[in-house]
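None of the figures in this text is laboratory data; all of them are computed from the coordinates on show. Keep in mind it's a predicted model, so treat the numbers as computed, not measured. We place every Cβ from the backbone using ideal geometry, glycine too, and count neighbours over all the protein chains shown.
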Amino acid sequence: MRVISVLIITLVLLTGTQLNGATYDIPHNGISDHSSSAITGSIAWYFATYPSSGNVFNLTSNADYYISQPLTMPAGVTLNDSAGNARIVADDGLNDNVMIFFNNNCTITNLELFANRKARFCLHGNGKSGLWLENCTLHQTKNDYTSGDPSPHLIYMPNNANSAIVNNLLRRAGCDPKLNGANWGGEASLIYATFNNILALNDNDAAYALAAGFQIFGSANVGITGNIIQHTGLNWDYLADPSGHVADGITSYHSPGGGGPYTARSNTIRYYRNHGIHLAGDTVKIENNNIYSGWHCAIYLGDQKSPHECSVNCRITGNYLKNGSQPTTNECIHLNYVDRATLTISGNTGDGTIYWGPDC
């Protein structure tokens, strides 16, 4: 059975185990700060008053629900926009903070989270399980720092398990534009999901990141299918050498203990400042993707850091690939510390260049 099918089935089973709860409609009601639990009828008030697992909270007004401090979702609840044009908007009080902390088994659907160039993260959850994010728009994290190396990711979810991010519009992690761009670094990815286990990233439209599109370093059992990922690594537009920052469309390599399995299938990846896909690990399948108009390799399979992680049981098949525009390390496929005895490369079209690096 394909990896992605296993992921979807697992997640459906997990979602089905949630308790049946009550449904609460949340109109805007002219409330100036929906993050204040002291205001009756605010989103925060509903979360605090009715925190039981299985409860569903519907935003019912076509309006901006402003928040000045983070919202924390109780475990096992659903937050949904039933109006069609409701959105949660970061106000001044959320400067360099989090819009929503999610808990275990939380679902967020049909909702717009507008960081408003103020919040550092739209969504934040460390060490959680069972996130389901679907049909949402998340955009415009903080883009104005004066120094340092901040990380205004759209979604920050390290050390999580059993999660799915499906059919969302993801835009502008710390950039487009990046203000004071030469004065700060900015490790900002659209999805930062390191050290996850069982993760589905499907059918998302993701663009404009200072760093990676999807950063999945150290994760296992990841399926990435049907996404459009473009305009990654934009730090290179502002810094002469943003060393230490990834710039790939999809990236995970040099993982402690090894990464994988990974499946990247039927994605379109373009306008990347480094590689389209850079993966290393055990059981890496890169299939039927369209990868082009980038700086360096369309696909980099393997580890570029020492000690090198050996990539085994890998497949690169059925992809349309074009060389990168930069003069070095710009092949369609670049192999580095890959076990050739368990490697399959077939059916790829485009420019057809392959660099065969060291075996392992």
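Counting pairwise Cα distances across segment 1-208, what percent come out greater than 20 angstrom? Cα-Cα pairs of segment 1-208 separated by over 20 Å account for 55 percent.
Based on every Cα atom in segment 118-233, Rg and the maximum pairwise Cα distance Dmax equal 13.3, 38 Å.
Hey, could you get me the Stokes-Einstein D for segment 66-145, Kirkwood radius over alpha-carbon pairs, 25 °C and 0.890 mPa s, rounded to whole µm² s⁻¹? Write down the numbers at each step before the final one.
Working: Rh = 12.6 Å.
Answer from the Stokes-Einstein relation: 195 µm²/s.
Segment 306-335 and segment 336-355 have Cα centres separated by 7 Å.
Shown for segment 201-360 is the translational diffusion coefficient from the Stokes-Einstein equation, using the Kirkwood radius over Cα pairs, a temperature of 25 °C and a viscosity of 0.890 mPa s: 164 µm²/s. Each helix, a run of at least 4 DSSP H residues, gives -39500 (n - 2.57); summed and divided by the residues of the chain, these come to -1500 deg cm²/dmol at 222 nm. What the Cα atoms of segment 184-255 give is an Rg and a Dmax of 12.1, 37 Å.
Electrostatic tally near Gly259: other residues with Cβ closer than 15 Å to its Cβ, Lys and Arg +1, Asp and Glu -1, net -3. The residues Glu331, Glu287, when put in order of fewest to most other Cβ atoms within 10 Å, stand as Glu287, Glu331. For segment 239-281, a Kirkwood radius taken over Cα pairs fed into Stokes-Einstein (10 °C, viscosity 1.306 mPa s) yields D = 135 µm²/s. For the chain, Cys106, Cys122, Cys136, Cys175, Cys297, Cys314, Cys332 stand unpaired, since no other cysteine beta carbon lies under 4.7 Å from theirs. To the nearest ten degrees, helix 3-16 and the longest principal axis of the Cα atoms of the chain are 10 degrees apart.
Normalising the Debye intensity of segment 159-220 to I(0), with uniform scatterers on Cα atoms only, and taking log10 at q = 0.27 Å⁻¹ returns -1.11. The alpha-carbon positions of the chain define a convex hull whose volume is 120 Å³ per residue.
With a Förster radius of 22 Å applied to the beta-carbon distance between Thr49 and Asn29, the computed FRET efficiency rounds to 0.90.
Across segment 267-360, counting alpha-carbon atoms alone, Rg and Dmax equal 12.0, 33 Å. Taking the number of Cβ atoms within 10 Å of each Cβ as an exposure proxy, the fewest-first ranking of Val284, Val89 is Val89, Val284.
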